[in-house]
Amino acid sequence: MYEQAGPPPILGDPIAVTIKRTAFALTEEQIFNWLRLYGTIESVIIHKFHQELPTVKDDHMEIVMKLRRHIPSTLPAHGKKVLIQYKGQKIQCSKCYAFGHTRRYCTSNTVNWLGFIKKLKEEENVPDSYFGVWLEYLRAHEAVVASEF
């Protein structure tokens, strides 16, 4: 399990960021585009190998970057639900997707995955092309909700 102990990295300091669950479906440019929203890329992507089978490539990658702001632990990158991890990463609630607390201590309303995508799109101005099929699911969901009224 990944350890998130320790203080958050100081924004602007180089930090190793691990990208997981890409299913080998994302290009390096697609990963770079998402990560550039949160900081400056300082290295090439290093592809990880399976711990027990060292000749077998895993879908985990690592990159060094300087953060301008903290990265959510899950990103809707090009139709994949990609996990992001780095030492000292801020805790993100799995109920409301806000930073700073866990589901256990959450007093906010529940935000589902599509609601989190909508927030990224609208509040953080993530380009539509970064989401892939997630936007189609969001539009279909919004159409169903609108038809219920």
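Counting only residues that are over 18 Å from residue 121 (Cβ atoms), over 9 Å from the mean Cα position of the chain (by Cα) and not hydroxyl-bearing (Ser, Thr, Tyr), the stretch 77-91 holds 5 of them. Within the stretch 28-39, the set of residues being out of contact with any helix residue (DSSP H, G or I) (no Cβ under 8 Å at 6 or more places or on another chain), surrounded by 12 or more Cβ atoms within 10 Å (Cβ to Cβ) and over 16 Å from residue 85 (Cα atoms) comprises 28 only. For the stretch 36-58, the criterion of a residue being part of a strand (DSSP E or B) and small (Gly, Ala, Ser) is satisfied by at least one position. Scanning the stretch 1-43 for residues that are over 13 Å from the mean Cα position of the chain (by Cα), modelled with pLDDT under 90 and over 15 Å from residue 69 (Cα atoms) returns 1, 2, 3, 4, 5, 6, 23, 24, 25. For first residues located in the stretch 104-128 and closer than 16 Å to residue 80 by Cα, partners that are at pLDDT below 95 and not in a helix (DSSP H, G or I) and lie 6+ apart or on another chain with Cβ distances below 7 Å form the pairs 116/97; 120/126. For the stretch 101-115, a tally of residues being under 19 Å from residue 75 (Cβ atoms) and surrounded by fewer than 10 Cβ atoms within 10 Å (Cβ to Cβ) returns 0. Checking each residue in the stretch 71-87 for being under 17 Å from residue 58 (Cβ atoms) and among the β-branched types (Val, Ile, Thr) picks out 82, 84.
Every residue in the stretch 80-114 that is closer than 24 Å to residue 134 by Cα and of a type in the set (Lys, Arg), please. Listed by number, the residues that qualify are 80, 81, 95, 103. Looking across 97, 137, one residue alone is modelled with pLDDT under 95, over 30 Å from residue 12 (Cα atoms) and not in a strand (DSSP E or B). It is 137. Scanning the stretch 59-71 for residues that are assigned to a loop (DSSP other than H, G, I, E, B) and surrounded by 17 or more Cβ atoms within 10 Å (Cβ to Cβ) turns up 70, 71. Considering the conditions (1) modelled with pLDDT under 90; (2) in contact with a helix residue (DSSP H, G or I) (Cβ under 9 Å, 6 or more places away or on another chain); (3) aliphatic (A, V, I, L, M); (4) over 19 Å from residue 25 (Cβ atoms), residue 65 is excluded by exactly one of them, (1).
The values are calculated or read from the model by the stated rules, or taken from the named source; none is laboratory data. Because the structure is a prediction, the values reported are computed rather than measured. Note that we place each Cβ from the backbone using ideal geometry, even for glycine, and neighbour counts take in every protein chain shown.
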